[in-house]
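Inspection log for the structure reproduced underneath, given as structure tokens.
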Amino acid sequence: MKRLFIVTIIALSNLLSCSENGDMPLDTPNANTTGLFTRTLSHDGITREYVLYVPDSYDGTSAVPLMLNFHGYGGIADQYLKYADMRPLADTENFILVYPQGTLLDGDPHWNAGLESDKNKSDVDDFGFVEALISEISSNYNIDLARVYSCGYSNGAFFTYALACYHSDKIAAIGSVAGTMMEETHNNCSPSHPTAMINIHGTADKSVPYGGEFEGLSSIGEVLAYWTSFNNTSTTPIVNSVDDSGMTIEHHSYTDGDNNTAVEHYKVIDGGHVWFDISYDGSNTSRLIWDFVSRYDIGGLR
């Protein structure tokens, strides 16, 4: 596991260095104002930070969805926002967007993606932090608590799976990019409701291998098998393949699950450990995730 996270730190650091540089000008707003802000929240004796984006379309008169997007190991929330930017979607689809900041582990931000055990990277209470974060945002903004979604990249995707497993009463549907389930999470996963899941992963990912070659990690096939079984979807996917600038993307769709849930997988042939800059039928990674999860609330298909 240590090898995995060291490699992931290097990979994410290299990717972030290629994205837009410079500090983002952030201010602290009054509740119900729109724009891009940083805020802090005290939880479990730690002052935590998160980046909040409230679109101009928000006026507080009706409840809107909330999307949580979690950075990878070693990530910085405001830099990750530029790398995995969902603000244009929030503008057009009218949802509130949050990029939480992980706490430091040996000098690098991380998400503690497992239940308390001696196998955990740390003992920080990230699950409690997310619950407190949802509570704080919903106390300041008119949030549809049946439509809280979570997605993440790498270690952030590990954490997203764990939220769906252990705190599914808060999360309607999830998305994973270049991430998987820890075997411990896989073995102890017990969601309280059918949970739609979209997974985007490259077959040449050396940090989180597609085949699960690193100790303690599930393969993408095992992840798909878990969620299709749990949701009771079709076992044989509908498969479609497209070419995007010479890159082959296979779309695997498992449908007809309980509460009309589905599981979708985008298999990026020879794709690496990135938040993918792809186009599938005109949709980029952020759009693919949003269009999928937004079909659901905590009760299933809307």
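The values are calculated or read from the model by the stated rules, or taken from the named source; none is laboratory data. Bear in mind the structure is a predicted one, so any value in this text is a computation, not a measurement. As a convention, Cβ positions derive from the backbone with ideal geometry for all residues, glycine included, and neighbour counts pool all protein chains shown. Only protein heavy atoms, including side chains, enter the accessible area calculation; ligands, DNA and RNA are left aside. Shrake-Rupley method; radii C 1.70, N 1.55, O 1.52, S 1.80 Å.
All of (1) part of a loop (DSSP other than H, G, I, E, B); (2) more than 16 Å from Ser150 (Cα to Cα); (3) in contact with a strand residue (DSSP E or B) (Cβ under 7 Å, 6 or more places away or on another chain); (4) not hydrophobic (A, V, I, L, M, F, W, C) hold for Thr180 with one exception: (2). Cβ-Cβ contacts under 7 Å between residues 6 or more apart (or on different chains), taken from a first residue in the range 64-88 that is over 11 Å from Tyr153 (Cα atoms) to a second residue that is in a loop (DSSP other than H, G, I, E, B) and acidic (Asp, Glu), are listed as Lys82/Glu20. If you scan the range 208-240, which residues turn out to be in contact with a His (Cβ under 8 Å, 6 or more places away or on another chain) and either closer than 21 Å to Thr160 by Cα or of a type in the set (A, V, I, L, M) (or both)? Within the range 208-240, Val208, Tyr210, Ser218, Ile220, Glu222, Val223, Leu224, Tyr226, Ile238, Val239 meet the criteria. Of all residues in the range 88-107, those that are surrounded by 20 or more Cβ atoms within 10 Å (Cβ to Cβ) and small (Gly, Ala, Ser) total 2.
Restricting the range 255-272 to residues that are among the charged types (D, E, K, R) and touching a residue at least 24 places away in the same chain (Cβ under 8 Å), the residue that is most open to solvent (accessible area, probe 1.4 Å) is Asp270.
The set of residues in the range 42-71 being of a type in the set (A, V, I, L, M, F, W, C), open to solvent by 20 Å² or more (accessible area, probe 1.4 Å) and either within 16 Å of Thr92 (Cβ to Cβ) or in a strand (DSSP E or B) (or both) consists of Ile46 alone. Taking the criterion of being touching a Lys or Arg at 6+ places or on another chain (Cβ under 9 Å), farther than 18 Å from Pro237 by Cβ and open to solvent by 10 Å² or more (accessible area, probe 1.4 Å), would at least one residue in the range 180-195 satisfy it? Yes, the conditions are met somewhere in the range 180-195. In the range 79-102, the count of residues that are in a strand (DSSP E or B), in contact with a Ser or Thr (Cβ under 9 Å, 6 or more places away or on another chain) and of a type in the set (A, V, I, L, M) is zero. For the condition among the polar types (S, T, N, Q) and within 15 Å of the chain's Cα centre (by Cα), Ser150 qualifies. Checked across the range 157-174, the condition of being touching a Lys or Arg at 6+ places or on another chain (Cβ under 6 Å), open to solvent by less than 40 Å² (accessible area, probe 1.4 Å) and in a loop (DSSP other than H, G, I, E, B) holds for at least one residue. Restricting Ser135, Ser122 to those that are of a type in the set (S, T, N, Q), at pLDDT below 95 and surrounded by fewer than 21 Cβ atoms within 10 Å (Cβ to Cβ) reduces the list to Ser122. Since Gly212 meets every condition but one in (1) under 11 Å from the mean Cα position of the chain (by Cα); (2) at positive phi; (3) free of Cβ contacts under 8 Å to residues at least 40 places away in the same chain, which condition does it not meet? Unmet for Gly212, out of (1) under 11 Å from the mean Cα position of the chain (by Cα); (2) at positive phi; (3) free of Cβ contacts under 8 Å to residues at least 40 places away in the same chain: (1).
Checked against the criterion of being touching a Cys at 6+ places or on another chain (Cβ under 7 Å), touching a residue at least 24 places away in the same chain (Cβ under 8 Å), surrounded by 20 or more Cβ atoms within 10 Å (Cβ to Cβ) and within 18 Å of Phe158 (Cα to Cα), the candidates Ile220, Ile289, Ile200 yield just one match: Ile289.
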